[in-house]
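Report on the structure given below.
The values are calculated or read from the model by the stated rules, or taken from the named source; none is laboratory data. Bear in mind the structure is a predicted one, so any value in this text is a computation, not a measurement. Cβ coordinates were reconstructed from backbone atoms using ideal geometry, including for glycine residues, and neighbour counts include every protein chain displayed. Side chains are part of the model used for accessible areas, which takes the heavy atoms of the whole protein and leaves out ligands, DNA and RNA. Shrake-Rupley method; radii C 1.70, N 1.55, O 1.52, S 1.80 Å.
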Amino acid sequence: EVLFVTASKHRRDRYVSDVVDAFSRLPGDLDASLVLLGDGPVRSELESRAANSPRDDYIHFTGMIEQSEYPSYLAASDVLVHPSSETWGCAINEAISSGLAVLSSNEVLGWPDMVTPGVNGFVYPFRDTQALSEQMERLARNPSETRHMKKESRRIAETLDFELCGENIRKAVEQYGR
């Protein structure tokens with residue numbers, strides 16, 4: 001089984017509904033599940049979408065989880081799906097550090113620093129649930145490719161230079177923060 005996970009506040013501007021819709025399009029013969037970490041104002045709407053999905057038995061909501069539990073959920077997962085439109089995408093950074101493959105929207109501006117398409121994940125056009133579903137199906141049908149991408153994410157995470165990141169943040173604050 002391939003376990004997809006999304007970690008986000010359940011708000012309209014996080015587009016978690018796109019993940020539910022894309023997962024719902026997957027063929028019934030696929031051995032795949034989706035776990036939605038988090039909570040928020042549109043959770044009941046998301047649960048309704050999931051309940052009406054042909055794959056409803058494979059969509060699971062955790063509700064709000066303690067930050068200390070978050071690494072365990074990532075460790076049990078295979079692929080992070082990140083549908084947002086944002087500057088960095090901390091969830092992607094956490095996912096590659098946990099050795100997950102990543103499916104990211106192209107509106108996460110930091111994706112080029114974290115996702116190498118075809119190596120440790122894929123990038124899909126923002127709000128394109130058909131394209132996202134096709135990428136999910138590809139990974140669910142090819143568990144060896146998914147395992148390889150997970151290993152590559154772990155390798156990429158090991159090469160990240162956090163001291164350099166910290167230094168660059170310090171410089172940006174000094175330059176632009178005044």
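Normalising the Debye intensity of the range 1-121 to I(0), with uniform scatterers on Cα atoms only, and taking log10 at q = 0.09, 0.11, 0.22 Å⁻¹ returns -0.22, -0.33, -1.39. Placing a label point 7 Å from the Cα of His60 along the Cα-to-Cβ direction, the residues of the range 1-21 whose backbone N falls under 15 Å of that point are 1-7. Under a 5 Å amide H cut-off, with hydrogens placed 1.01 Å from N, His60 pairs with Leu34, Val35, Leu36 among residues at least 5 apart or on other chains. Summarising the amide proton neighbourhood of Val108: residues at separation of 5 or more, or on other chains, whose placed amide H is nearer than 5 Å comprise Glu86. Cα centroids of the range 38-90 and the range 124-152: 17 Å apart. Here the 3J(HN,Hα) profile of the range 82-92, calculated from phi with Karplus coefficients 6.51, -1.76 and 1.60 at θ = phi - 60°, is 10, x, 5, 10, 7, 6, 10, x, 4, 4, 5 Hz, Gly and Pro shown as x.
Building the convex hull from the alpha-carbon atoms of the range 61-176 and averaging its projection over directions returns 8.3 nm².
Note: relative contact order over the range 1-90, using C-alpha pairs below 8 Å and six or more positions apart, is 43 percent. Its residues counted as N, the range 107-160 yields a C-alpha radius of gyration over 2.2 N^0.38 Å of 1.17. Using the Karplus relation 6.51 cos²θ - 1.76 cosθ + 1.60 with θ = phi - 60°, the per-residue 3J(HN,Hα) values for the range 132-142 come to 4, 4, 5, 5, 5, 4, 4, 5, 5, 7, 10 Hz, with x marking Gly and Pro. Counting every C-alpha pair in the range 1-40, the share spaced more than 12 angstrom apart comes to 60%.
How much of the accessible area of the chain, probe 1.4 Å, is carbon plus sulfur, in whole percent?
Values: 4450 of 9100 Å².
Ligands and nucleic acids excluded, carbon and sulfur give 49 percent.
Over the chain, what relative contact order in percent results from Cα pairs under 8 Å that are six or more residues apart? All intermediate terms of the calculation are to be shown ahead of the outcome.
Details: 315 pairs, mean separation 40.2, N = 178.
Computed value for the chain: 23 percent relative contact order.
Note that the range 50-66 has calculated 3J(HN,Hα) couplings of 5, 5, 8, 7, x, 10, 4, 5, 10, 10, 10, 10, 8, x, 5, 10, 5 Hz, one per residue in order, obtained from phi through the Karplus relation 6.51 cos²θ - 1.76 cosθ + 1.60 (θ = phi - 60°); glycine and proline are x.
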